[in-house]
Structure formats: structure tokens, C-alpha cells
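Trainee: My structure is below; once you've seen it, I'll send some questions.
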Amino acid sequence: MNEISPKAEISPKAKIGNNCKIFPFVYIEDDVEIGDNCIIFPFVSICNGSRIGNNNKIHQGSVIAALPQDFNFRGAKSYVKIGDNNVIRENVVINRGTQRDGCTVIGNSNFLLEGTHISHDTVVGDHCVFGYGVKIAGDCEIHNGVIFSSSAIQNANTRVGRLALVQAGCTFSKDIPPFVVAGGKPIEYGGPNNTMITEAGIDVKVQKHIANAYRLLFHGKTSTFDVINQIKEQVPDSPEIRTIIEFLEGTKRGIMCK
């Protein structure tokens, strides 16, 4: 049974799941779907195109499926899809996609701290953390287990690989590969993210192989293309090394510090 304040403004066309709690002064538009066991705190706006899963908590002042802040937006019907078990803290803004049927995606079990902004058509994986005031531009990719410290800025059309740590206050316009620490102004490679790699249960031998792969990438003087071949030839194979190779092969904006 839902607990919905009579002071909330909810369209009768919106679809609300079971056992949800919706506080006063929440605003929910027509084309909205919310799953079970969600808590929506006061002064949250959930706009057309929102597709929200189960067990999510959305705190005061957040806006879900806000119109894209993109000059290419012409009013097309688009979406924000949010998975399960996410915590969205105060004053978070998540924009919907720009083009027709475009979609901004937030996966499962993510934590978005106060003031985070996720722009149009960005795709976020699972188990990510966004610190205070993190700003993610449009058309970005953020893979599983990424941590952003406070006030980091990710510019458009860039990617951050699995289990990377982006330190506070840095800005980047190229891809950050998996399993690394990145920070500073200008952004620099700070070594493998050993804490998260260990917590993920990655074997110590594989951790050394990851370090060797990035030694070739960041301390060598060859192109990324040549580094990929060197990693294939010199570093023992594992799922993690294949993840690094696939990420490097897929870059369009280039790799940070290269």
C-alpha cells in the first residue's frame, strides 16, 4: 500500500508501484513510471520520460528527466531510465535524452551525492559513487564501480572505465581507462586503483599485470595503437587485461595524458 501525501501533485496518468512513500510538494508529470518501494522526498520533480525502478530514494530538490541542456534539443520524446536500489541525494539533476527515443541511463545501486548533474544521453553502470557537485556532460559513458570525488567535471563524449577513481576537482576531456586513479590539474595518471581492485577480488598477480599494462601506456613514448600491441604481446592474458585492451581500442577522444 502506498503512502502518498495529499499535498503532492501527481498526474493521474503516472504509474506508481506498490509500497511507495511520496512526501508533500512532490511534482510528478504524466509520462512517468515508478517501481515498488521507492521513497520520494519533498520538492522532488519527476518529469515526463522518467522510468524509475524499485527501491530508489530520491531526496529533496532533485529533478529527474529535466529537459536536455542541449541546443540540438527540439522537444522530442525521450527518457531517463533509472534501475534499482539507487540513492539520489539533494539537488541532483538528471537530464533526459536529446533525440527522439534517446535515453539517459542510471544503472543499479549507485550513490549520487548532493548537487550531482548527469547530462543528456549519458550511460552510468552499477555501483558508482558521485561526490558532491560532480558534473557529467552529455553523451558520456561511466562503467561499473567508478568513484568520482567532489567537484570533478567530465566533459562531453568521454568514458570512464571500470573501477576507476577520479579525484576531487579535476576536469577531463579524454577517456580515463579502467582500474586507475586519475587526478590533478591537468589530469594525471596516479597509478592503479589498488584499493578498489583488491576489494573486487582481483588476484594479486593480475594486479601486477594491470600495473605493467599501464606502465607501457603512460610511461612509454609510443602511440596508443602501438601500446595495445605491446600489451597483447607482453602482458599475460586475463579478463581484466582484455577489459583494458577493449577500452583502449574503443577510444574516440583519446586516452588521458596521451
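The values are calculated or read from the model by the stated rules, or taken from the named source; none is laboratory data. Everything quoted here is computed from the prediction, not taken from an experiment. Every residue, glycine as well, gets a Cβ built from its backbone with ideal geometry; the counts of neighbours run over all protein chains shown. The area values use the complete protein model at the heavy-atom level, side chains included, leaving out ligands, DNA and RNA. Shrake-Rupley method; radii C 1.70, N 1.55, O 1.52, S 1.80 Å.
Trainee: Can we say GLN207 is farther than 29 Å from SER150 by Cα and either at pLDDT 95 or above or part of a helix (DSSP H, G or I) (or both)? Talk me through it step by step, then tell me what you get.
Mentor: Numbers: farther than 29 Å from SER150 by Cα: no; either at pLDDT 95 or above or part of a helix (DSSP H, G or I) (or both): yes.
Judged against the criteria, GLN207 is not a match.
Trainee: Now for a different question. Do you know which of the residues in region 1-28 that are closer than 21 Å to VAL87 by Cα and charged (D, E, K, R) is most open to solvent (accessible area, probe 1.4 Å)?
Mentor: So the residue we want is LYS15.
Trainee: Would you be able to say whether some residue in region 193-209 is farther than 26 Å from HIS127 by Cα and over 23 Å from the mean Cα position of the chain (by Cα)? Spell out how you get there, then give the answer.
Mentor: So the first thing to find is which residues in region 193-209 are farther than 26 Å from HIS127 by Cα, and the list is none.
No; the residues of region 193-209 include none that is farther than 26 Å from HIS127 by Cα and over 23 Å from the mean Cα position of the chain (by Cα).
Trainee: While we're looking at this one, here's another question. Every residue in region 92-106 that is open to solvent by less than 10 Å² (accessible area, probe 1.4 Å) and in contact with an Asp or Glu (Cβ under 9 Å, 6 or more places away or on another chain), please.
Mentor: Initial filter on region 92-106 (open to solvent by less than 10 Å² (accessible area, probe 1.4 Å)): 92, 94-95, 97-98, 104, 106.
Those that are open to solvent by less than 10 Å² (accessible area, probe 1.4 Å) and in contact with an Asp or Glu (Cβ under 9 Å, 6 or more places away or on another chain): VAL92, ASN95, GLY97, THR98, THR104.
Trainee: I need the full set of residues from region 187-204 which are open to solvent by less than 80 Å² (accessible area, probe 1.4 Å) and in a strand (DSSP E or B), in order please.
Mentor: TYR189, GLY190, GLY191, PRO192
Trainee: Next question, about the same structure. Out of ILE136, ILE210, ILE153, which single residue is farther than 21 Å from ALA66 by Cα and either without any contact (Cβ under 8 Å) to a residue 60 or more places away in the chain or not charged (D, E, K, R) (or both)?
Mentor: Numbers: ILE136 fails: farther than 21 Å from ALA66 by Cα; ILE153 fails: farther than 21 Å from ALA66 by Cα.
Among ILE136, ILE210, ILE153, only ILE210 is farther than 21 Å from ALA66 by Cα and either without any contact (Cβ under 8 Å) to a residue 60 or more places away in the chain or not charged (D, E, K, R) (or both).
Trainee: Let me ask you something else. Need pairs with beta-carbon distance below 7 Å; first residue hydroxyl-bearing (Ser, Thr, Tyr) and within region 16-43, second surrounded by fewer than 17 Cβ atoms within 10 Å (Cβ to Cβ); sequence gap 6+ or separate chains.
Mentor: Taking only residues 6 or more apart or on different chains, the pairs are TYR27/GLU9.
Trainee: When you check GLY61 against the structure, is it open to solvent by less than 60 Å² (accessible area, probe 1.4 Å), among the small types (Gly, Ala, Ser), touching a His at 6+ places or on another chain (Cβ under 9 Å) and assigned to a loop (DSSP other than H, G, I, E, B), yes or no?
Mentor: Working: open to solvent by less than 60 Å² (accessible area, probe 1.4 Å): yes; among the small types (Gly, Ala, Ser): yes; touching a His at 6+ places or on another chain (Cβ under 9 Å): no; assigned to a loop (DSSP other than H, G, I, E, B): yes.
No; evaluated as a whole, the condition is false for this residue.
Trainee: Is it true that some residue in region 217-234 is free of Cβ contacts under 8 Å to residues at least 60 places away in the same chain and among the aromatic types (Phe, Trp, Tyr)? It would help to see each step written out before you state the result.
Mentor: Within region 217-234, the first condition is being free of Cβ contacts under 8 Å to residues at least 60 places away in the same chain, and the residues that meet it are 217-234.
Retained after the next criterion (residues that are among the aromatic types (Phe, Trp, Tyr)): 218, 225.
Yes - at least one qualifying residue is present in region 217-234.
Trainee: Something else: Quick test of your reading of the structure: GLY161 fulfils all but one of (1) at pLDDT 95 or above; (2) of a type outside the set (A, V, I, L, M); (3) open to solvent by 40 Å² or more (accessible area, probe 1.4 Å). Name the failing condition by number.
Mentor: It is condition (3) that GLY161 fails.
Trainee: Has region 73-88 got any residue that is open to solvent by less than 40 Å² (accessible area, probe 1.4 Å) and in contact with a Pro (Cβ under 8 Å, 6 or more places away or on another chain)?
Mentor: Within region 73-88, one or more residues are open to solvent by less than 40 Å² (accessible area, probe 1.4 Å) and in contact with a Pro (Cβ under 8 Å, 6 or more places away or on another chain).
Trainee: For region 213-240, name all the residues that are among the β-branched types (Val, Ile, Thr) and either within 15 Å of ILE176 (Cα to Cα) or not in a helix (DSSP H, G or I) (or both). Give the steps one after another, and end with the answer.
Mentor: Applying the first criterion (among the β-branched types (Val, Ile, Thr)) to region 213-240 yields 222, 224, 227-228, 231, 235.
Within region 213-240, THR222, THR224, VAL235 qualify.
Trainee: Take residues that are within 21 Å of PHE41 (Cα to Cα) and tell me which of the strands (runs of 3 or more DSSP E) falling wholly in region 67-121 contain 2 or more. Show your work before the answer.
Mentor: Numbers: elements: 79-82, 93-95, 103-106.
Hits in region 67-121: 79-82, 93-95.
Trainee: Filter region 157-169 down to the residues that are in contact (Cβ under 8 Å) with a residue 24 or more places away in the chain and part of a loop (DSSP other than H, G, I, E, B), then identify the one that is farthest from ALA200 (Cα to Cα).
Mentor: Let us first name the residues in region 157-169 that are in contact (Cβ under 8 Å) with a residue 24 or more places away in the chain, namely 157-159, 161-165, 168.
Among the residues that remain, those that are also part of a loop (DSSP other than H, G, I, E, B) are: 157-158, 161-164, 168.
Numbers: ASN157: 27, THR158: 24, GLY161: 14, ARG162: 11, LEU163: 9, ALA164: 12, ALA168: 22 Å.
Result: ASN157.
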